[in-house]
Amino acid sequence: HDRTRPVTCANNSPAAKQAWRGGVAEAEDILGVNYNPEDYDILRREYPEKMIFGSEIGSNLECRGIYHTDKETAHQTSYMAPDGSWQPLGSRRFVAGGFYWTGFDYRGETTPFGWPEINSNFGFLDMCGFPKDQAFYWKAWWQRSKPLVHIFPHWNWPRREGQNIPVWCFSNCDEVELFLNDRSLGRQTMPEFSHLQWDHVSYQPGRLEARGYLKGRVVARQVVETTGAPAALKLMPDRRRLVADGQDTVPVAVAVVDSHGRVVPTAGNKIVFDVSGAGANAGVGNGDPSCHEPNQASHRSAFNGYCMVLARAGRTAGTLRVSAHSTGLSPASVRLVVSEA
């Protein structure tokens, strides 16, 4: 037993089965619980003097922008929520917190499908850092002082007029009301650490809006609209200044937008990049766990409206120019400042 610092470990067996109570739990200063939320109360009774935390409380499996599981493409639906992972912690003040598997997608562990998938789906963020829907669940309940509503899916469903499209909502508001083309589809009370569903929304193109209420007053809104066809590209650098050390790198997100500037959520256009001046192209990506396009290339297909290029500074100060173009779309460019190290 290391007495120079507190020790812990991730205990994967249920405490109720006596798998580690009386053994490793005696040696731990901080009790780590993998899954098995029923352990929290058992351990609290038996070790009231010890801190308890969720060393692994759950995992995500969704693929960004996907709302129907497709085994052939190895894309998993985003209709899932981590309620069961966070509710047991959020409702117990004696549990210090938890670790969720994971923040970002990563190479390998291609659960649940395997090939052609080459990345995991476990992150709240994809490989490019684009948020999946579940990211907004965590944002809502971790920033309760900032009212938030997030609805999904997107609202581009051609040839599905009149069919039911389930609408889910993550929010930290007391109540949420859903509107389709200015017609209320009902107002629901938000259970703590949970989510809401409208399971029978008859699809019509147009405007889907959620309004979040606190004490009867609207404090948050989100609008999802049916977009037009892809018309242009939009570049969004993470920042606009780099240091000329040969390593400083800026992610430049690329969105495919319609003629009104709205991201087209199903767009998969091939985008070609040119990175010139005081730096170079360090790599490309799109967050698709089944994409086999090379990561070191001058082009990338968008995945559900987005892709990314990494702009890396050289060792000389100056201007770094990033441009993107795609057949039939208006191009985009951005200039970044590279300063002396």
field: Check on residue 255, in contact (Cβ under 8 Å) with a residue 24 or more places away in the chain, crowded, with 17+ Cβ neighbours inside 10 Å and farther than 21 Å from residue 67 by Cβ
entry: no
- prompt: Of everything in segment 63-106 that's closer than 27 Å to residue 156 by Cβ and of a type in the set (S, T, N, Q), which residue is nearest to the chain's Cα centre (by Cα)?
  reply: 78
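So for segment 72-88 (the condition being free of Cβ contacts under 8 Å to residues at least 60 places away in the same chain, under 30 Å from residue 215 (Cα atoms) and in a strand (DSSP E or B)), does at least one residue qualify? Steps first, please.
So in segment 72-88, the residues free of Cβ contacts under 8 Å to residues at least 60 places away in the same chain come out as 72, 76-77, 80, 82, 84-85, 88.
Now narrow it down to the ones that are under 30 Å from residue 215 (Cα atoms): 80, 82, 84-85, 88.
Now restrict to residues that are in a strand (DSSP E or B): none.
Within segment 72-88, not a single residue is free of Cβ contacts under 8 Å to residues at least 60 places away in the same chain, under 30 Å from residue 215 (Cα atoms) and in a strand (DSSP E or B).
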statement: Checked against (1) under 21 Å from the mean Cα position of the chain (by Cα); (2) in a loop (DSSP other than H, G, I, E, B); (3) β-branched (Val, Ile, Thr), residue 227 satisfies every condition except (1)
- request: Pick out the one residue from 311, 324 that is farther than 25 Å from residue 61 by Cβ, over 23 Å from the mean Cα position of the chain (by Cα), of a type in the set (A, V, I, L, M, F, W, C) and at pLDDT 95 or above.
  value: 324
- request: Working only within segment 123-137, note down all residues that are crowded, with 20+ Cβ neighbours inside 10 Å and assigned to a loop (DSSP other than H, G, I, E, B).
  value: 123, 124, 126, 127, 128, 130, 132, 133
- request: Look at residue 114 and say whether it is free of Cβ contacts under 8 Å to residues at least 24 places away in the same chain and surrounded by fewer than 18 Cβ atoms within 10 Å (Cβ to Cβ).
  value: no
message: Residue under question is residue 142, and the condition is that it be surrounded by fewer than 18 Cβ atoms within 10 Å (Cβ to Cβ) and hydrophobic (A, V, I, L, M, F, W, C); does it hold?
response: yes
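The values are calculated or read from the model by the stated rules, or taken from the named source; none is laboratory data. What you see is a predicted model, and the numbers here were worked out from it, not measured in a lab. Backbone-built Cβ (ideal geometry, glycine too); neighbour counts: all protein chains shown.
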